[in-house]
Structure formats: C-alpha cells, structure tokens
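What follows is calculated from the coordinates using simple rules that are stated; it is not laboratory data. These numbers were taken from a predicted model, which means no experiment stands behind them. Backbone-built Cβ (ideal geometry, glycine too); neighbour counts: all protein chains shown.
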Amino acid sequence: MMSVMEVCRLLDRSAIGTDIRESSLLFPIIEGIHVLALSLSVGLILITDLRLMGVVLRNRATSEIWSQFSPWMMSGFGVMFLTGALLFWSHALSAYHSTAFRMKLLLLILSGLNAAVYHFTIYRKMGQWDTSPIPPIQARLAGWTSLILWAGVITMGRIMAYTF
C-alpha cells in the first residue's frame, strides 16, 4: 500500500501533472476557470449566507433564493472541484508539503459539514421561517459559519498561489 506522499509524487511526476504544470497556456487556463467557478459558486453562497443572516433580500423567501441559486452554485462548485483537482495534480507534491493546502482542505471539509448540518436540521424546518425577514438563530449561525469558512478557504488558496 502506497503512502499519501507516494501517491502525490506519482501524480506530480505523471505526464498529465507535468503537462499541466509546464504548459504556458494549460495551467493558466485551468487556474482562470477555477477562479471564475469559485466566483460563481462562492459569490452565490455569500448571497444565500447573507440571506440566512437576515442581512439582504429580507423581502424574499429563503426557499425562493435557494431554488434560483442552487443549480448555479452546484455547477460552479463542480467546475471548481474539477479544476482544483487538476491544479492539485500538477503540484501534488508541493501541495502535500503545504500547510496552506492542508488548511484549505480542512476548511473545505468543515464547510461541507456545516452545509450538511444545516440541510439535515434547520433547512428541513424552513416552512416555519421561510418568509421571515430574520431567520432563526440556527440558520444565522450556519450562514456566519459558512461565510467564515469560505473566507478561510479563499485565503488559504491565495497563500498557496504565492508559495508553490
């Protein structure tokens, strides 16, 4: 059984990893698409989080905002995940040794857990508070937590960009 570092070394030295890393066009294109997908996904997450906190769009139902933004958020997240995997592939060994990358992964996992807890608890009771200008404290806490975690993910991503 190979260690994580050995897998990272294999990815890093693979033809695909090398091609992406050494291409004068491929890496910047993938990175650009990654940033655009991040902007789409996290931008819409920001708006929904601010709605959950009762800061914006108070006169609109939370379920309405979610139903309109969710397909775009998920599409952006899917593209962001795919391009992020390709970027990782091209610098897997550097990422393995990067504290910023490990923090980014941890924050992504925590963000996913926050979303799961929200969707399996307070979201299921949305009918009770959907049109309320200020949602219940659990929804506001989920929004704040999401906002803080995504700010951390983005910050760690920017730190990585200057350390690889």
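What to note about this one:
- Cα-based values for segment 4-163, radius of gyration first and Dmax second, are 18.0, 54 Å.
- Cut-off 10 Å between beta-carbons: net charge of the residues surrounding TRP66, Lys and Arg +1, Asp and Glu -1: -1
- Ranked TRP89, TRP144, criterion: other C-beta atoms within 10 Å, fewest first: TRP144, TRP89
- Across the options GLN128, ILE16, LEU82, the greatest Cα extent toward the positive end of the charge dipole of segment 4-163 (unit charges at beta carbon of Lys, Arg, Asp, Glu) belongs to GLN128.
- Here the simple spin-label model places points 7 Å from the Cα toward Cβ, and for LEU26 and ALA85 these points are separated by 1.7 nm.
- Note on VAL7 and ALA161: with the Förster distance fixed at 30 Å, the Cβ-Cβ geometry gives a FRET efficiency of about 0.85.
- Förster-model FRET efficiency, 25 Å R0, HIS97 and LEU46, C-beta, rounded to 0.05: 0.20
- Pairwise FRET efficiency - LEU106 versus TRP144, Cβ, R0 = 22 Å, nearest 0.05: 0.75
- Per-residue Cβ neighbour rank within 10 angstrom, fewest leading, THR48, THR99, THR131: THR99, THR131, THR48
- Label separation (SER67 vs ILE137): 3.1 nm, computed from points 7 Å beyond Cα along the C-beta direction.
- Computed from Cα atoms alone, the Kirkwood hydrodynamic radius reported for segment 80-164 is 14.5 Å.
- Available extension along the chain between VAL55 and SER14 is 10.0 nm, counting 0.36 nm per residue and deducting the alpha carbon span.
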